[in-house]
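Laboratory data are not the source of any read-out in this text; all were calculated from the coordinates shown. For clarity, every value in this text was computed on a predicted model and none was experimentally measured.
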Amino acid sequence: MKVSNETKVGALTVIAVTLLVLGFNFLKGKTILKKSNVLYARFPDVLALEPSNQVKIKGYRIGNVYKINKLDKDVSEVVVVINLLDDVNIPSNSVAVINSSLTGNASITIVPGDAKTFLAKGDTLQSSSNPDILSKVMTTIDPVMANVKQAVDSLKLLLGNVNSMFDEHTKSNLKHTIANLKTTSDNLSVMLNSKNGALAKTLTNVETFTTNLNTNNEKLNTTIDNLKNTSQKLSEVQIKETVVNLNNTITQLQGILQKANKGEGSLGMLINDPKLYNNLQNTSRSLNILLDDFKLHPKRYVNFSVFGKKDKTEPLKAPLADSINNNQK
């Protein structure tokens, strides 16, 4: 039997459409040849997750994302339909987490729980938000960038203050200061010249002096030893004579003090005998009376007048008040 061309074209078209549908469903994670198991998961944000992205447990692929739908018109949550391609037991308290990479690929990782019961077809997984890597990096970089911005602002403020401080007068003074520093540096360089500098000449003189000292070292040592011996002998002689004289003086002084304490000698009598003090006091008082009487009645003691007569007034029996005050002073 001869098959017409139209029949062949029609059969090829049917086969192509069938393969296209099967491939499309395969890419979406749904297979017709194998019974699929569908689970659901609700996320506040699916990030870069797309249909046909992988679903894994402990790194092992167990299915694909089949469809992503909104929960309501306000898109309060996003519902992800998971098509499981492998028959695995997923504990009922397992958690679905969306993982994103820097390349933009996303996947769902199911973290198994410890429940003894397992999820059935059509159940909804618990979900947890997990920021993508880029968000984590930006979260880490943001504080650093804020600190850098603050440092740059502080630097700008500092430079502005410096520019405001350095007016024309200050800049002129700064230039003069730098010029003076350059002149000082040149002078210092000349002074430190290894051949003709003042420091080089001074070091040469010091070296010559130390060479002479080294050459005459023995003579200097002999002279110093002689001076040391001479001064030691002189100090010993003087110290001995001084100690002997001091001991004699102390002995004599002790003898005088002992006699004075015993009342012997003039000093002892003067210190220990109150009669001598009283006699001296009376003598001083009588002398004051005599001098005062002489001042008041000089004619009594000197009679040198042709027509004068002898002063017959009574003599003083006590010194005048001014004499007493003068004696007290």
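Scalar couplings 3J(HN,Hα) for the stretch 251-259, obtained by applying the Karplus form with A = 6.51, B = -1.76, C = 1.60 to θ = phi - 60°, are 5, 5, 5, 5, x, 4, 5, 4, 5 Hz; x denotes Gly and Pro.
Couplings 3J(HN,Hα) for the stretch 148-158, derived from phi with the Karplus relation 6.51 cos²θ - 1.76 cosθ + 1.60 (θ = phi - 60°), are 5, 4, 5, 5, 5, 4, 5, 5, 4, 4, 5 Hz, where x marks Gly and Pro. The amide H of residue 53, built 1.01 Å from its N in the peptide plane, has 65 as neighbours under 5 Å, considering only residues 5 or more places off or on other chains. Scalar couplings 3J(HN,Hα) for the stretch 215-229, obtained by applying the Karplus form with A = 6.51, B = -1.76, C = 1.60 to θ = phi - 60°, are 5, 9, 4, 5, 4, 4, 4, 5, 4, 5, 5, 5, 4, 5, 5 Hz; x denotes Gly and Pro. Pairs from the table (219/240; 56/116; 201/228; 58/121) lying more than 30 angstrom apart at Cα are 219/240; 201/228.
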